[in-house]
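Here the structure comes first, spelled out in structure tokens, and everything after it is commentary.
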Amino acid sequence: MLRSALLYLSSQPRVFQFVRNNSLAKRFASRFVAGETLDEALNAVRALNGRGIRASLDLLGESVTNEREARGTRDSYLEILDRIHAQRLEANVSVKLTAMGLDISEELCVGLMQEVLARAQQYATFVRVDMESSEYTDRTLHLFEHRLYPLFRNHVGIVLQSYLYRTFTDVEYAIQLGCRVRLCKGAYKEPASVAYPDKKDVDANYVKCMHALLRHGNFPGIATHDPAIINEAKRFARENDIASNRFEFQMLYGVRRDLQERLVREGYGMRVYVPFGTQWYPYLMRRLAERPANVAFITGNVLREMVSHGNHRPA
């Protein structure tokens, strides 16, 4: 029922308009979204860089419905890369293939992505191809392997999700390719036919995939806020003589900022995923709707961070 309500609200423009003009709602959203404009997002990146944290910028908005919108997304990402380079920020970008027209035409999508990757190559930076729901997994991996990675090996990577049964096989193949992988648990609502329904199994598969990537992968991104998994990554790396500069931790903007800063102090690389854009309201509602447990997860992490800061407040 909660999921249905959240999805319904995400598609209501009148609700969106109210929320955008509601100061309390905007303050809540600003915790997890870096603003509506590129200038606001770059300011957020600059602040993160000042704390020793790298960033990955994501312009919000998923499946586009026409070629004009897809080309507009391409233009926006070219500007993002230009601005990151001009301001010498420690940041790359994350892109969803549906935002580049995958549902309209694969050829259109590949052409636009190759233009973005060529700009990233020019600036010696990096583009992460985000993973979407399981209906896109095969198409995303196929286009990545055959149309994007061969031309831009050092400038493009992929995301794999540990809640899918298939993912360890995909991890092994990515290791053979030598491509960079961001490993996350996955947030979309998936059927038990393709994804582990129990958290313990998702976590166990995450750790299995993480061990393989830490041992044999190409600078993997360990994307998690789970303290137990983070501690296991640190233990595994230490006991297998894996230097901290061979991987990085990754987290969401606004979630566990205390833990982000602690890992930086301990000498680990940290990259924060920074979403921005006018579609922040649908983004938040859809993310919550995909897994309603995220409501409790976000609330709990904010409270834990507040307690942590309170315990370290100077007397």
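Bear in mind these aren't lab numbers, they're just calculated from the coordinates by the rules spelled out. Please read these numbers as outputs of a predicted model, since none were measured by experiment. When we count neighbours, we look across all protein chains shown, and the Cβ atoms used for this are built from the backbone with ideal geometry, even at glycine.
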key: For a label point 7 Å along the Cα-to-beta-carbon line of residue 135, residues of the stretch 176-190 with backbone N under 19 Å   = 186-190
request  = Arrange the peptides 33-43, 63-73 so that the one whose residues have, on average, the most other Cβ atoms within 10 Å appears first.
outcome  = 33-43, 63-73
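Do any trypsin sites (Lys or Arg not before Pro) in the stretch 129-237 lie in a loop, going by DSSP, with at most 10 other beta-carbon atoms within 10 Å of their beta carbon, and if so which?
none
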note = Expected sort for 142, 155 with the fewest Cβ neighbours (10 Å cutoff) up front is 142, 155
ask   = Which length gain, in nm to one decimal place, applies between residue 66 and residue 169 when the Cα-Cα distance is subtracted from 0.36 nm times their residue separation?
value = 33.7 nm
note = Assertion target for 211, 146, ordered by fewest C-beta neighbours within 10 angstrom first, is 146, 211
key: Kirkwood hydrodynamic radius of the stretch 123-199, Cα pairs, Å   = 13.0 Å
note = Taking the convex hull of the alpha-carbon atoms of the stretch 194-251 and averaging its shadow over every direction gives an area in square nanometres of 4.2 nm²
note = Expected unfolding gain across residue 219-residue 177 under the 0.36 nm per residue rule, minus the alpha-carbon gap, is 13.8 nm
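Between residue 266 and residue 106, take the C-beta separation as r, use R0 = 51 Å, and let me know the FRET efficiency to the nearest 0.05.
Result of the calculation: an efficiency of 0.75.
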ask   = How do 30, 193, 105 rank when sorted from fewest to most other Cβ atoms within 10 Å of their own Cβ?
value = 193, 105, 30
ask   = Taking only the alpha carbons of the stretch 131-267, what extent do you get along each of the three principal axes, in Å, biggest first?
value = 39, 35, 29
